[in-house]
Amino acid sequence: MKNLLTDIEGVRVGHAGDARIASGVTAVIFDQPAVASIDVRGGGPGIRESALLQPEAMVDAVDAITRSGGSALGLDAAGGVQAWLAEQGRGLRIREAVIPIVPGAICFDLLNGGNKAWGRFPPYRDLAYAAARAAGTDFMLGSVGAGLGATTANFKGGLGSASAKTEGGVMVAALAVVNAVGCVTVGDGPWFWAAPFEVDGEFGGRGLPPSFTPDMLKARLKGGPDATPSENTTLVVVVTDAILTKPQAKRLAMIAQTGMARAIYPVHAPTDGDVVFAAATGRKPVDPLHGLTELGMVAANTVARAIARGVHQATALPFLGALPAWGDRFG
């Protein structure tokens with residue numbers, strides 16, 4: 001196990017980014033269509049194909065999921081992944097038509113110092129095509145792909161991933177793009193809120209502080225009172241090798257969303273997006289009650305770990321006034 005989303009067999013991840021604009025795209029590619037659903041808790045999400053992922057909608061499975069910077073302009077990224085999939089002959093077949101099914105979500109990274117004067121068309125479709133083409137089982141964490149321009153209230157955000165197994169051997173893994181209005185650390189110290197769930201020192205091994213002061217618990221909010229509903233979003237993909245129905249995938253996304261509350265303070269704000277996609281590759285049976293509940297519990301812990309890893313692995317942007325990375329101060 002690599003402690004990555006790609007520990008799930010049949011899943012590949014690719015990044016593409018542009019350092020000049022300080023933004024990028026991450027593509028999650030499924031070798032075979034995966035049953036998927038979604039849970040949204042933030043007040044300012046930007047999502048493509050979210051209605052399709054509801055349990056009552058017709059299409060059960062997706063071919064890929066995209067994560068992108070660029071706010072609403074980044075929703076074009078799904079089209080780039082669709083183009084690559086279409087070249088591979090992948091997609092939903094309706095007689096002679098082939099339609100790649102690619103949900104996606106975006107985060108706001110337009111005020112991070114990069115040059116966003118890209119001309120007539122945003123670059124996200126082309127970046128997404130490159131990310132899909134580059135997808136493999138090894139991928140980087142931190143300030144890469146959709147996490148390139150991500151930030152939190154006090155430290156540079158980024159892209160993180162983690163994986164785990166239930167006691168019954170069912171795999172679950174998460175990929176998180178951390179661009180939160182709040183903090184992933186306790187105050188401005190080295191401790192991560194997700195510390196109780198850390199495995200093998202994967203984000204520094206600092207544990208929690210010996211006590212909590214009022215200063216640690218006060219609100220640290222990106223942008224303060226001037227923040228807008230589109231400035232912040234944490235995007236998560238949870239994938240399991242369990243056999244799930246679409247309603248069960250929806251429940252998994254809902255339980256896994258708890259991991260955000262274990263890793264970000266505060267969370268689910270009016271100025272957050274906070275989206276969890278859950279997908280199942282359908283290889284191992286799971287009990288629909290206790291088994292699914294345990295899977296959700298482990299998924300939530302894994303989401304918390306992925307979020308902390310995204311900040312722990314991030315590097316600062318090379319612009320005047322850019323937020324420091326966690327590693328700059330405590331690494």
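The values are calculated or read from the model by the stated rules, or taken from the named source; none is laboratory data. Predicted model only: the values in this text are computed from it and were never measured. With ideal geometry, Cβ positions are generated from the backbone for all residues, glycine too; neighbour counts draw on all protein chains shown. For accessibility, only protein heavy atoms count, side chains too; no ligands or nucleic acids. Shrake-Rupley method; radii C 1.70, N 1.55, O 1.52, S 1.80 Å.
Within region 215-222, identify whether any single residue is under 22 Å from Met140 (Cα atoms) and either within 21 Å of the chain's Cα centre (by Cα) or open to solvent by less than 50 Å² (accessible area, probe 1.4 Å) (or both), and answer yes or no. No. Quick check: anything in region 305-320 modelled with pLDDT under 95, open to solvent by 50 Å² or more (accessible area, probe 1.4 Å) and either part of a strand (DSSP E or B) or touching a strand residue (DSSP E or B) at 6+ places or on another chain (Cβ under 6 Å) (or both)? Looking for residues that are modelled with pLDDT under 95, open to solvent by 50 Å² or more (accessible area, probe 1.4 Å) and either part of a strand (DSSP E or B) or touching a strand residue (DSSP E or B) at 6+ places or on another chain (Cβ under 6 Å) (or both), one finds none in region 305-320, hence no.
Please find, within region 87-101, the residue that is surrounded by the fewest Cβ atoms within 10 Å (Cβ to Cβ) out of those that are small (Gly, Ala, Ser) and closer than 18 Å to Arg133 by Cβ. By that ranking, first place goes to Gly89. Of Gly327, Gly296, all but one fail to be touching a Leu at 6+ places or on another chain (Cβ under 8 Å), under 29 Å from Ser143 (Cα atoms) and surrounded by 17 or more Cβ atoms within 10 Å (Cβ to Cβ); the exception is Gly296.
Here Asp274 meets the list (1) out of contact with any Asp or Glu (no Cβ under 8 Å at 6 or more places or on another chain); (2) open to solvent by 10 Å² or more (accessible area, probe 1.4 Å) almost entirely, failing just condition (2).
Look through Thr293, Thr281, Thr240 and report the one residue that is part of a helix (DSSP H, G or I) and of a type in the set (Ser, Thr, Tyr). Spell out the reasoning first.
On the way: Thr281 fails: part of a helix (DSSP H, G or I); Thr240 fails: part of a helix (DSSP H, G or I).
Exactly one residue qualifies, and that residue is Thr293.
Each residue in region 44-70 was checked for being within 17 Å of the chain's Cα centre (by Cα), open to solvent by less than 50 Å² (accessible area, probe 1.4 Å) and farther than 19 Å from Ala132 by Cα, and 4 pass.
Is it fair to say Gly24 is in contact with a His (Cβ under 9 Å, 6 or more places away or on another chain), in a loop (DSSP other than H, G, I, E, B) and closer than 30 Å to Ala117 by Cα? Against the criterion (in contact with a His (Cβ under 9 Å, 6 or more places away or on another chain), in a loop (DSSP other than H, G, I, E, B) and closer than 30 Å to Ala117 by Cα), Gly24 does not qualify.
In region 152-169, how many are assigned to a loop (DSSP other than H, G, I, E, B) and either open to solvent by less than 10 Å² (accessible area, probe 1.4 Å) or basic (Lys, Arg) (or both)? Of the residues in region 152-169, 3 are assigned to a loop (DSSP other than H, G, I, E, B) and either open to solvent by less than 10 Å² (accessible area, probe 1.4 Å) or basic (Lys, Arg) (or both).
Scanning region 283-302 for residues that are over 17 Å from the mean Cα position of the chain (by Cα), of a type outside the set (Lys, Arg) and under 17 Å from Ala164 (Cα atoms) yields Pro285, Val286, Gly291, Leu292, Thr293, Glu294, Leu295, Met297.
Checked across region 259-269, the condition of being touching an Asp or Glu at 6+ places or on another chain (Cβ under 8 Å), assigned to a helix (DSSP H, G or I) and surrounded by 19 or more Cβ atoms within 10 Å (Cβ to Cβ) holds for at least one residue. With the structure loaded, tell me whether Asp287 is among the acidic types (Asp, Glu) and open to solvent by 60 Å² or more (accessible area, probe 1.4 Å) or whether it fails that test. Taking the combined requirement at face value, the residue satisfies it. For region 138-161, the set of residues classified as within 30 Å of Gly282 (Cα to Cα) and touching a strand residue (DSSP E or B) at 6+ places or on another chain (Cβ under 6 Å) consists of Phe139, Leu141, Gly142, Val144, Gly145, Ala146, Gly147, Gly158, Leu159, Gly160, Ser161, listed by residue number. Scanning region 172-196 for residues that are open to solvent by 10 Å² or more (accessible area, probe 1.4 Å) and within 18 Å of the chain's Cα centre (by Cα) gives a single hit, Trp193.
Within region 4-21, work out how many residues are assigned to a loop (DSSP other than H, G, I, E, B) and open to solvent by less than 30 Å² (accessible area, probe 1.4 Å).
4
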